[in-house]
Every structure is written in C-alpha cells, then in structure tokens.
Ligand code: NAD
C-alpha cells in the first residue's frame, strides 16, 4: 500500500493518511466523499459523534467493498457525554450508528476538566472487551497527558491535535514521541488558511506541487498522521498525490519556521 502505516504503541497498524469528515453532511455527501477517497487509496476515515455523520460513514465503509480490516475508522466521544457511564453509553450509540462490529480508534475529543480520567477508564474497558482496537485522546497538551498517565497504567495510542505550519507545537510533538504517543493532525490545511501563505505558494511551485500537497507531505515527513477534509472529488485525489516526492531538510525547516502559535480552533486550556 503506497500510503503506508505506522505501528501504534499497542502494535496496531494505523494508516498515515486519511479523510476527515467534519462539516460533511450525513447521507449522500459523506458517502460520496468516502467513496472517492477509498477509490484514491485512502484507508483511514476520521469522524466523531459531534459530526452527526456516523451513519453515512458506516454505510460508505460497507458499500466500499473493501474488507473491513483494510479500513481504519476513528470516532470520538463528545464533551457532554464524558464520564464513565455516559461514555459507555455514547460509545454504544456511536457503534450502533456506524453499524460496525468494532471501531479501530476511539478518542476523547477534548480534555474536559474533572471528567477525562473517568472517560479514559471507560475507553480502557471497551478496549478490553474488544469493541475498540486502540484508544487515544485529542486536544491534549503535555500537562493533560501527564495527568492522565499519572492515574493510569495505559498510554494513549494517539493524540489528535491542531497542527499546521502556523501551529507546530514542537515540544508537544517531542513529548509525544518520547512517550510513544502517535501524533495526528487536525485542520492540517488550517481550514483553508494555508493557501494564503505566500512562502508556501513559492515552495510548492518549486516542487511542482500544490500548497495542499506541500503541507500534507510536510505532515508525513514530520511523522504526523494527517486527515485533510474535502468533499470535492478532484481535491480528494489531489490531496493524496503526495507519495512521489520528498521535501528537503532545508525546506522542512523553512515550513517549521512559519510557526506563529496561531490556532484556528479552540485552546485546549480554554474551551467550552
Ligand atoms: P482542513 O484543514 O482539512 O481544511 C479543509 C478545508 O480545506 C475544506 O473545507 C476545503 O475547503 C479546503 N481544501 C481541502 N483540500 C483542498 C485543496 N486541495 N485545495 C483547496 N482547498 C482545499 O480542515 P478540517 O476539516 O477542520 O480538519 C480535517 C479533519 O480533522 C476534520 O475533517 C476532522 O475529521 C478533524 N478535526 C478534528 C478536530 C478535533 O478536535 N479533534 C477538530 C477539527 C477537525
């Protein structure tokens, strides 16, 4: 498989590249997007209870004709369903909507204060019971990860965080690498913001690539899993066309230097 996989800290293989389906409508829109994605080699689909499209995601995975084991499906528990019992219930609803026998990765969507440790215990139970193949977190800063790991013997397999050339968080990446927590990027294209950065336009044209292809390739070379969102057939294809070239170390560093610690989403220390 040209896209390649990474071995998570629990031995499970996760594709490096996938499709995000935030703000993608349930039904035809999400089914068509996943259909185009799988046709173009995508094997990882990132949804969440919040996105309201788990039914369509499950329908698309089944309709793809690909063996279930070849598609990696991630979903997440939303903030208002955190805590031990509520998370067990939320997972039950998610897996029923998906109509799948198991989920490949289940994430705590945000580190809800006073709740995420209990939420994690529910994830551990669901993992042990075989309903989930890997468990992880999203939007966890180093202090959240340390707090969680201090109260648990298990380490999250993945931390899905906002990551793009304006928000690199190198020290968080280094901490995760040291703890063997795989980092995954959300909003890798800054929800469209990367296209306005002139330095990226110049670098992209040097490689004969688009800005999207440059930024997504930079993610992979940083060792970060990436899940760009698009519902446009041509862009879905374009975004996957990043496995035939390599960004030089100098250009990798130049992209790193565009960092301004600028977020498009909420701050994990201050969200509601
Ligand atoms: P993104 O950075 O992937 O940007 C998507 C937007 O960029 C699209 O709406 C489209 O308009 C544009 N685009 C995509 N490909 C393009 C191309 N080739 N050329 C021009 N424009 C293009 O934004 P995102 O959807 O926020 O993030 C990706 C995924 O990350 C989401 O779909 C979701 O699965 C996940 N996510 C997770 C969290 C979290 O809290 N864990 C938060 C946000 C997003």
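The values are calculated or read from the model by the stated rules, or taken from the named source; none is laboratory data. Note that this is a predicted model, so its numbers are computed, not measured. Cβ coordinates were reconstructed from backbone atoms using ideal geometry, including for glycine residues, and neighbour counts include every protein chain displayed.
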Inset, instruction - Quick one: which residue in 127, 148, 100, 105 is touching a residue at least 40 places away in the same chain (Cβ under 8 Å) and either in a helix (DSSP H, G or I) or away from the ligand (no atom under 16 Å from the Cβ) (or both)? - result: 100
Inset, instruction - For the stretch 193-215, name all the residues that are in contact with a helix residue (DSSP H, G or I) (Cβ under 7 Å, 6 or more places away or on another chain) and closer than 19 Å to residue 169 by Cβ. - result: 194, 200, 215
Legend entry - Yes/no for residue 153 being more than 16 Å from the ligand (Cβ to nearest atom) and either at pLDDT below 95 or assigned to a strand (DSSP E or B) (or both): yes
Legend entry - Residue that is nearest to residue 103 (Cα to Cα) [pool: residues in the stretch 1-35 that are assigned to a helix (DSSP H, G or I) and away from the ligand (no atom under 16 Å from the Cβ)]: 35
Legend entry - Filtered residue count, the stretch 158-200, keeping only those that are free of Cβ contacts under 8 Å to residues at least 40 places away in the same chain, within 23 Å of residue 23 (Cβ to Cβ), assigned to a helix (DSSP H, G or I) and touching a strand residue (DSSP E or B) at 6+ places or on another chain (Cβ under 8 Å): 1
Inset, instruction - Tell me which residues, restricted to the stretch 98-114, are surrounded by fewer than 20 Cβ atoms within 10 Å (Cβ to Cβ) and touching a strand residue (DSSP E or B) at 6+ places or on another chain (Cβ under 9 Å). - result: 102
Legend entry - Subset of the stretch 164-192 that is within 12 Å of the ligand (Cβ to nearest atom) and out of contact with any helix residue (DSSP H, G or I) (no Cβ under 7 Å at 6 or more places or on another chain) - its residue that is farthest from residue 8 (Cα to Cα): 192
Legend entry - Selection within the stretch 201-212 - within 20 Å of residue 230 (Cα to Cα), in a helix (DSSP H, G or I) and in contact (Cβ under 8 Å) with a residue 24 or more places away in the chain: 212
Inset, instruction - Report yes if residue 141 is touching a strand residue (DSSP E or B) at 6+ places or on another chain (Cβ under 6 Å) and within 27 Å of residue 224 (Cα to Cα), otherwise no. - result: no
Inset, instruction - Give the residues of the stretch 213-272 that are touching a residue at least 40 places away in the same chain (Cβ under 8 Å), more than 15 Å from the ligand (Cβ to nearest atom) and within 18 Å of the chain's Cα centre (by Cα), sorted by residue number. - result: 222, 223
Inset, instruction - Pull up the stretch 136-145, narrow it to residues that are within 16 Å of the ligand (Cβ to nearest atom) and in contact with a helix residue (DSSP H, G or I) (Cβ under 8 Å, 6 or more places away or on another chain), then point me to the one that is nearest to residue 12 (Cα to Cα). - result: 137
Inset, instruction - Scan (1) crowded, with 17+ Cβ neighbours inside 10 Å; (2) outside any loop (DSSP other than H, G, I, E, B); (3) within 16 Å of the ligand (Cβ to nearest atom); (4) touching a residue at least 40 places away in the same chain (Cβ under 8 Å) for the single condition residue 133 breaks and write down its number. - result: (3)
Legend entry - Selected residue (criterion: surrounded by the fewest Cβ atoms within 10 Å (Cβ to Cβ)) from residues of the stretch 216-234 that are in contact with a helix residue (DSSP H, G or I) (Cβ under 7 Å, 6 or more places away or on another chain) and closer than 27 Å to residue 56 by Cβ: 233
